[in-house]
Structures are given as C-alpha cells and as structure tokens.
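Trainee: Okay, here's the structure, questions in a sec.
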Amino acid sequence: MNIIGPDKLIFAVDDVTACKQFALDYGLTQLDDVNFVALDGTGIEIHSKDNASLPEALSTGSMLRKTLYGVADNATVDAIKAELSKDREVKTLDDGSIETMDDMGFVLGFQVTIRQALDLPAETINAPGAPPQRGVNETGVSKEFVAKPRSLSHVVYFVPDAVKAEAFFAERLGFVTTDRFKHMGPFMRPAGTNDHHTLFFLNTPPHMQGVEHFTFHMSGPTEVAQAGNALVEKGYQSFWGPGRHIFGSNWFWYFKSPFGCNVEYDADMDLHDDQWVAREAMPGADNSQVFLLHYEEKWAPGGPPPSKAS
Amino acid sequence: MSRVRLGNIVDIADGQARGFDPGCTGQDSLFVVRKGGMVYAYSDVCPHYGSTSLPWKRHQYLDAACKYIVCAAHGALFDIENGLCIQGACEGQSLAKIEVEVNACNDMWVDLRIIEEFKS
C-alpha cells in the first residue's frame with residue numbers, strides 16, 4: 001500500500017474561535033473557513049462539535065473526527081478499499097476519497113495525496129571539520145524570521161489495545177514498525193515515506209482513547225525553538241520541551257491546546273527503509289529524550305554599571 | 001505571612017476562572033472558578049500526570065460553555081463544584097481542592113501553608 005502519510009486531521013472542537021486562532025498563531029495558513037495548512041498543503045480542518053455532517057465523535061470526548069491519509073494514486077485508493085471491504089464498510093465519498101473505521105474505532109479516510117512537493121532549503125549549520133553549509137557572510141538567524149510549518153508530520157493516538165492497533169495498520173495497510181516502547185506502543189511509518197514515524201500508539205485505558213498530540217515538520221531545530229518561543233510570547237503554555245527525542249531523533253516542543261490534545265513542533269526526523277531493524281526500549285524519561293531544555297524569558301548578562309565609589 | 005489575598009470575588013465574572021501565583025513562582029499554582037455566587041479553588045495540576053498545569057493560555061480553565069474545568073493537555077473535563085474528572089485521561093480522579101476564605105467584604109484569601117502541601 002503506497003500510503004504517504006497524513007494529509008489532514010479533521011477536528012470538531014468545543015471552542016472554534018480559540019482553535020482557529022491557535023492554528024494561525026502556530027503558523028498555519030488559513031485557506032478557507034475550516035482549512036488551515038502548512039507549506040505543502042497538508043493541514044487540519046476545524047469544525048464545531050455540533051457539525052452533524054462529520055463522522056460521529058468517540059464516546060471519550062476526543063475532538064478528532066477523522067484522519068485523512070494521502071496515498072500515491074487512485075490504484076492505491078482502490079487497493080485499500082478492496083482490502084478493507086473484506087470485513088467492514090468502506091464508503092466512497094463525493095470527492096473520490098474513501099472512508100472507513102480502523103479496529104480501534106478511529107475514522108480513517110484515504111485520498112490521492114494533496115501533499116505538494118517542496119523545494120526549500122533545510123536549516124544549515126557550519127561545523128569545524130565539515131564543509132560549511134552556509135557561505136561566507138551568510139547569517140544563520142534573524143529576529144524577524146517567521147517560522148512556517150512545512151508538512152503534517154504525525155499523529156499519536158491513545159488506544160485501549162496497542163497490539164491490535166499495530167496489527168491493523170501493519171497487516172491491512174502495510175505500515176512498518178520502526179521502533180517500540182515496550183508495553184506502551186509502536187512507532188510506525190507507511191510504505192510511502194521514509195520518515196521514522198507518522199503514527200505512534202500509546203496503550204491506555206479505554207476511557208482515554210483519543211489523540212495525545214499531532215505535529216508538523218519545521219526546517220530545523222532553530223525553527224522549532226523560534227516557533228515555540230513565538231507561541232510562548234503569545235501566551236500559550238508549554239507542555240514539554242524544547243528537547244530532542246531518541247526514537248526518531250526529532251527535535252520537539254509540545255504545547256497544550258484548545259483541541260483537547262497537545263500540539264507539537266518537530267524537526268529533523270530520522271529516515272528509515274526496509275533494512276532498518278526496529279529497536280525496543282522501556283518507556284520513561286531516559287529513553288524518551290536525549291535532553292530536555294526549559295523555557296525562560298529572554299535574558300542578558302550584565303547588570304548595572306559599577307558605582308562611582310568602586 | 002502565610003495568608004494571601006487573591007482579590008475580590010467581583011474581580012472574577014460569574015462563570016469565569018482565574019489563575020493565581022501567590023508564591024511568585026512565575027507560574028500559576030492555583031485557580032479559582034466563580035459560579036453562582038460561590039468560588040471554588042483548585043491546585044493547577046492535572047492528576048493525569050501530576051505535574052502538568054491545566055490551561056492552554058493563562059486563565060483558560062473552562063470549556064466554551066463555562067460548564068466544566070478542562071485540562072488542555074488531553075481534554076479531561078472536571079466538575080466545577082467538586083473537581084472530579086468526569087471524562088478524559090484522569091476519569092474518576094479529582095483536582096486537589098484548596099480552601100478559599102471569603103470575608104464579609106467578599107475578599108478571597110488562601111493560606112500558602114495549605115498550598116505548600118500540594119507540592120509534595
């Protein structure tokens with residue numbers, strides 16, 4: 001199954017105004033009344049919780065109504081429909097996408113991807129012993145720089161049975177497990193991307209089923225830090241980070257949000273192919289991040305000038 | 001001095017909430033919800049993780065209808081009157097309640113020694 005990754009997450013939220021403002025402050029671009037997108041066209045849809053045209057909400061109160069995956073071509077859409085129709089209803093919607101439900105009860109959609117190819121430089125660094133990535137007189141940072149999310153990266157679900165959830169995505173949709181936290185859940189990537197993960201499951205009690213977080217890729221760690229700093233300066237509250245994960249190696253900074261889940265910035269994720277052998281580790285702080293920083297307001301050394309007497 | 005004045009009830013509109021940082025830590029450690037002439041105060045810590053504050057922005061402790069207290073990390077809903085989580089990650093657990101003394105002038109007071117207990 002040539003699934004590339006999530007194209008869109010569709011939310012039906014309690015506070016539409018707050019969520020739309022969060023999306024804009026996070027750095028997404030508003031396309032129309034409900035669509036907020038990254039530079040490659042992937043993004044989120046924000047609806048009111050009263051919107052009856054959307055798939056039903058989970059009983060747990062999760063505000064995510066649907067995860068819409070982008071796939072390579074119509075043949076892949078047809079193949080997914082043929083596979084999943086063996087044991088569940090798969091609807092074809094007016095826009096040509098298909099809609100069904102996974103084994104956990106999350107609504108999934110599949111469409112020929114809307115993801116646009118980007119031709120943008122990554123964040124560059126200069127390091128002794130390596131060829132410079134930035135030329136002479138080329139500066140690395142700017143106070144005026146505005147960070148822009150590039151691409152919808154991944155979504156993390158709370159699920160009551162991570163083994164069952166993993167089996168569905170592996171056996172029915174061709175996802176590959178890249179790494180795993182024992183007794184907690186797997187990191188998974190679909191066949192159409194080398195990203196370490198576009199999906200991660202956290203095993204939880206049934207009443208927790210929902211979204212733990214979702215995130216967009218940034219150009220590098222500086223952009224993660226600048227985007228996060230800008231969110232803090234707008235009054236949003238940090239949940240976790242900034243720091244750098246071990247599985248995936250991605251830089252991260254998570255924020256609480258009015259979406260009923262955390263929203264992350266990430267950058268510089270590992271790429272893997274079918275030669276990669278999945279690692280396993282116990283969950284916990286030491287295995288979750290290689291380091292974790294702590295936000296403080298901007299500060300400068302100095303202090304008052306010396307007194308005349310000294 | 002262990003008693004701290006949080007202000008007057010009228011500083012919080014009915015059906016609204018407000019965070020406070022009486023220990024001057026730079027982070028609100030408690031919040032007060034005013035509802036129907038009553039005030040309810042809780043430690044600003046979600047029982048899901050035990051170290052996560054609730055709001056996504058300062059003072060944003062309630063849902064859009066101002067019916068429940070919300071933890072913005074994972075959307076848990078809490079009853080305003082008793083702090084019980086009725087939906088979400090910490091269902092069945094409760095926020096740590098803080099006693100608020102309201103005097104005849106409607107000034108709200110808390111005892112920092114009580115708040116200190118919630119740090120352990």
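The values are calculated or read from the model by the stated rules, or taken from the named source; none is laboratory data. Predicted model only: the values in this text are computed from it and were never measured. Heads up, the Cβs are rebuilt from the backbone with ideal geometry, glycines too, and the neighbour counts pull from every protein chain shown. Ligands, DNA and RNA are excluded from the accessible area calculation, which covers all protein heavy atoms including side chains. Shrake-Rupley method; radii C 1.70, N 1.55, O 1.52, S 1.80 Å.
Trainee: Select from A:G129, A:G260, A:G43 the residue whose mean-square fluctuation is largest in a Gaussian network model of chain A (Cα-Cα springs shorter than 10 Å).
Mentor: For chain A, modelled as a Gaussian network with Cα springs under 10 Å, the answer is A:G129.
Trainee: Please report how far the C-alpha centroid of the stretch A:135-170 lies from that of the stretch A:273-293, rounded to the nearest whole angstrom.
Mentor: After rounding, the separation between the Cα centres reads 16 Å.
Trainee: Picking from A:V71, A:T178, A:G220, whose Cα lies most toward the positive end of the charge dipole for the protein assembly as shown (charges on Cβ: Lys, Arg +1; Asp, Glu -1)?
Mentor: Going by the charge dipole, the pick is A:G220.
Trainee: Can I ask one more? Under a Cβ-only charge scheme (Lys and Arg +1, Asp and Glu -1), can you give me the dipole magnitude of chain A about the Cα centre, in debye to the nearest 20?
Mentor: For chain A, the charge dipole is close to 700 debye.
Trainee: Would you tell me the mean number of C-beta atoms belonging to other protein chains that fall within 10 Å of each C-beta in B:41-54, as a whole number? Walk me through the numbers on the way to the answer.
Mentor: On the way: counts 0, 0, 0, 0, 0, 1, 0, 1, 2, 0, 0, 5, 4, 2.
Mean inter-chain Cβ contacts per residue within 10 Å come to 1.
Trainee: When you look at the Cβ of every residue in A:211-220, what mean number of other chain Cβ atoms sits within 10 Å?
Mentor: Counting Cβ atoms of other protein chains within 10 Å of each residue's Cβ and averaging gives 1.
Trainee: Under the rule of at least 5 residues apart or a separate chain, name every residue whose amide H is placed under 5 Å from the amide H of A:V13.
Mentor: A:H47, A:S48, A:K49
Trainee: Next up: Treating only the Cβ of Lys, Arg, Asp and Glu as charged (+1, +1, -1, -1), what charge dipole size does the stretch B:32-112 show about its Cα centre? Round to the nearest 20 debye.
Mentor: Using only the charged Cβ atoms, the result is roughly 300 debye.
Trainee: In addition: Cα gyration tensor of the stretch A:160-298, axes a ≥ b ≥ c as square roots of the eigenvalues: rounded (a/c below 1.5), prolate (a/b > b/c) or oblate?
Mentor: Since a/c reaches 1.5 and a/b is larger than b/c, the shape of the stretch A:160-298 is classed as prolate.
Trainee: Additional query: Give the ranking of B:D21, B:D44 by solvent-accessible surface, highest area first, calculated with a 1.4 Å probe.
Mentor: B:D21, B:D44
Trainee: Kindly rank A:184-197, A:290-303 from highest to lowest mean number of other beta carbons found within 10 Å of each residue.
Mentor: Values: A:184-197: 21.9, A:290-303: 8.1.
Descending packing order for the listed peptides: A:184-197, A:290-303.
Trainee: Please label the shape of the protein assembly as shown as rounded, prolate or oblate, based on the square roots a ≥ b ≥ c of the eigenvalues of the alpha-carbon gyration tensor (a/c under 1.5 means rounded; beyond that, a/b larger than b/c means prolate, else oblate).
Mentor: oblate
Trainee: Let me ask you something else. How many partner chain Cβ atoms sit within 10 Å of a residue's Cβ in peptide B:74-81, on average, as a whole number?
Mentor: The per-residue average across the peptide is 5.
Trainee: Whenever you get a sec, compute what percent of the accessible area on the stretch A:1-154 sits on carbon and sulfur atoms (1.4 Å probe).
Mentor: Here it works out to 52 percent.
Trainee: Select from A:E166, A:E99, A:E138 the residue whose mean-square fluctuation is largest in a Gaussian network model of chain A (Cα-Cα springs shorter than 10 Å).
Mentor: Top of the fluctuation ranking is A:E138.
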